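Read the structure below first, then the notes.
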Ligand SMILES: [Zn+2]
C-alpha cells in the first residue's frame with residue numbers, strides 16, 4: 001500500500017513544486033535597471049535634497065515606507081508605522097525628524113538581528129541649488145531597497161533568513177551621524193543581540209584618484225572588531241561577486257578618518273562588528289552636481305549584490321559573527 005501511494009505523490013511533487021531557487025537567483029534580482037528607476041525618483045528635485053527636518057525629507061521617508069509596504073515587508077517599529085520619530089538638537093535648534101525601519105523576522109533565531117543601514121538625508125537646498133545626493137546616499141538607499149526585495153523573495157520561496165534583518169534608513173547623517181546615534185541610544189532591538197551592521201554610504205561612483213580597475217569597493221572597519229566578519233566578507237566576495245575589495249581607507253592612521261564618518265561608527269562604538277561600503281569621494285561630493293545620471297548602475301548592482309551575499313551569510317550561518 002505504502003509503495004503504491006508513493007508513486008503519485010512523487011509525480012505531483014515533480015510536476016508542481018517551485019523550482020529550487022538559490023542564493024544567487026535572489027541576488028540576481030538586484031538589478032541595475034531597477035536601481036536606476038528608484039534613484040531617478042529618490043534623487044530627483046521633488047525631494048529637495050532631503051535635508052533633515054524639511055518637507056523634502058518628509059517626502060523621502062514616505063517614499064521609503066511605501067516601498068516596503070509594496071514589497072510586503074513589515075514595519076521595524078512596534079507601532080507598525082515604519083517611523084522612529086526623534087527631535088534632535090542641531091546646533092542649538094530642535095529639529096523633528098525620523099528614521100525609517102523595516103524588518104524581516106528570522107525563521108530560526110529571530111532575536112538575533114543584522115542591521116543594514118544607509119542614511120536617507122542629504123544637504124537640502126542652498127543658495128537656490130538643490131543638492132540631490134544621488135551618490136550620497138541615494139545609492140546606498142536604493143541598494144538597500146533592492147537587497148530587501150531580494151530577501152523578501154527568499155522569504156516567499158521558503159528560504160527566508162534564519163536571523164532577523166533590520167533595514168534601517170537613518171536621518172541626520174549630514175548633521176553629524178545624529179539618526180544612527182538616536183537609534184543606538186534608543187534601539188528597537190537589543191544591541192547585545194545585534195550581530196553586525198553593514199552600512200552603505202556612497203556606492204554608485206568611482207574614485208578618480210584611485211588607479212586600476214573600476215570594479216572595486218572600499219571596505220572600512222571589517223576587521224576592527226571581528227576577524228570572523230572580515231573573513232566571511234572576503235569569502236562571500238570570492239564565492240559570488242569577485243570585486244576588488246580595497247582596504248586603503250581601513251588603515252588605523254588614515255588621515256581621512258572615514259571609519260568615524262558614517263553611521264556604522266555608532267554601532268562600532270557599541271562593540272558591534274561593522275562593515276562600511278564606500279566608493280570614495282569625487283568632484284561632485286557634497287555638491288549640487290551629485291546627480292543620478294552620473295551613477296554607474298552596473299557597478300551599483302554588483303556592489304549591492306556583494307552586500308546581499310555578505311548579509312545572507314551573516315543571517316544564515318550556524319554561528320553568529322564572533323567578536324575578537
Ligand atoms: Zn553620506
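Remind me, what semi-axes does segment 121-272 give for its equivalent ellipsoid, largest first in whole Å, using sqrt of 5 times each Cα gyration tensor eigenvalue?
After diagonalising the Cα gyration tensor, the semi-axes are 24, 21, 19 Å.
Report the percentage of all Cα-Cα pairs in segment 34-127 whose separation exceeds 17 Å, rounded to a whole percent.
Value for segment 34-127 (Cα pairs over 17 Å): 57 percent.
Going by how many other beta carbons lie within 10 Å of each one, how would you line up 230, 122, 282, 309, fewest first?
Ascending number of Cβ neighbours within 10 Å: 282, 230, 309, 122.
Connecting C-alpha atoms closer than 10 Å in a GNM of the chain, tell me which of 25, 284, 79 has the biggest fluctuation.
Its mean-square fluctuation being the largest, the pick is 79.
Using a ≥ b ≥ c from the Cα gyration tensor of the chain (square roots of the eigenvalues), is it rounded, prolate or oblate, where a/c under 1.5 gives rounded and otherwise the larger of a/b and b/c decides, a/b for prolate?
Here the chain falls in the prolate category.
What length, rounded to one decimal in nm, is gained on full extension from residue 66 through to residue 260, with 0.36 nm per residue of separation minus their alpha-carbon distance?
This chain segment gains 66.7 nm when fully extended.
Given an 8 Å cut-off on Cα distances and at least 6 residues of separation, report the relative contact order of segment 178-305 as a percent.
42 percent
Return the FRET efficiency for the residue pair residue 209, residue 269: r is the Cβ-Cβ distance, R0 is 45 Å, and the value is rounded to the nearest 0.05.
According to the calculation, E is roughly 0.95.
Between rounded, prolate and oblate, where does segment 108-157 land on the alpha carbon gyration tensor, with a ≥ b ≥ c its root eigenvalues, rounded for a/c under 1.5, else prolate if a/b exceeds b/c?
In terms of gyration-tensor shape, prolate.
First measure r as the distance between the Cβ atoms of residue 105 and residue 46, then evaluate 1/(1 + (r/R0)^6) with R0 = 35 Å and state the FRET efficiency to the nearest 0.05.
For residue 105 and residue 46, the calculated efficiency is 0.60.
Provide the percentage of antiparallel DSSP beta bridges, counting only those with both residues in the chain; round to the nearest 5.
That works out to approximately 50 percent antiparallel.
Provide 21, 232, 38 in ascending order of the number of other Cβ atoms located within 10 Å of each residue's Cβ, fewest first.
21, 38, 232
What relative contact order, as a whole-number percentage, does segment 198-259 give when Cα pairs under 8 Å and 6 or more residues apart are counted?
36 percent.
Could you please rank 285, 216, placing first whichever residue has the fewest other Cβ atoms within 10 Å of its Cβ?
Fewest-to-most Cβ neighbours within 10 Å comes out as 285, 216.
GNM, the chain, Cα, under 10 Å: largest mean-square fluctuation among 60, 304, 70?
70
Post the alpha-carbon centroid distance, segment 59-134 to segment 143-199, in whole angstrom.
Cα centroid to Cα centroid, the span is 10 Å.
Please give the residues of segment 293-324, grouped as numeric ranges, whose backbone N is less than 20 Å from a label point set 7 Å along the Cα-to-Cβ vector of residue 239.
Within reach of a label on residue 239: 302-323.
Between residue 231 and residue 90, what is the label-to-label distance in nm when each label sits 7 Å out along the Cα-to-Cβ direction?
Roughly 4.4 nm, to one decimal.
Using a Gaussian network model of the chain whose springs link C-alpha atoms within less than 10 Å, name the residue from 185, 263, 252 with the highest mean-square fluctuation.
252
Once every DSSP H run of n ≥ 4 in the chain is given -39500 (n - 2.57) and the sum is divided by its residues, what mean residue ellipticity at 222 nm do you get, rounded to the nearest 500 deg cm²/dmol?
-10500 deg cm²/dmol
Let me check against my output: what whole-number percent is the relative contact order of segment 29-316, with C-alpha pairs under 8 Å and at least 6 apart?
Once divided by the residue count of segment 29-316, the mean separation gives 24 percent.
Each value in this text was obtained by applying a stated rule to the coordinates, not by laboratory testing. A quick note: this is a predicted structure, and the numbers were derived from the prediction, not measured. With ideal geometry, Cβ positions are generated from the backbone for all residues, glycine too; neighbour counts draw on all protein chains shown.
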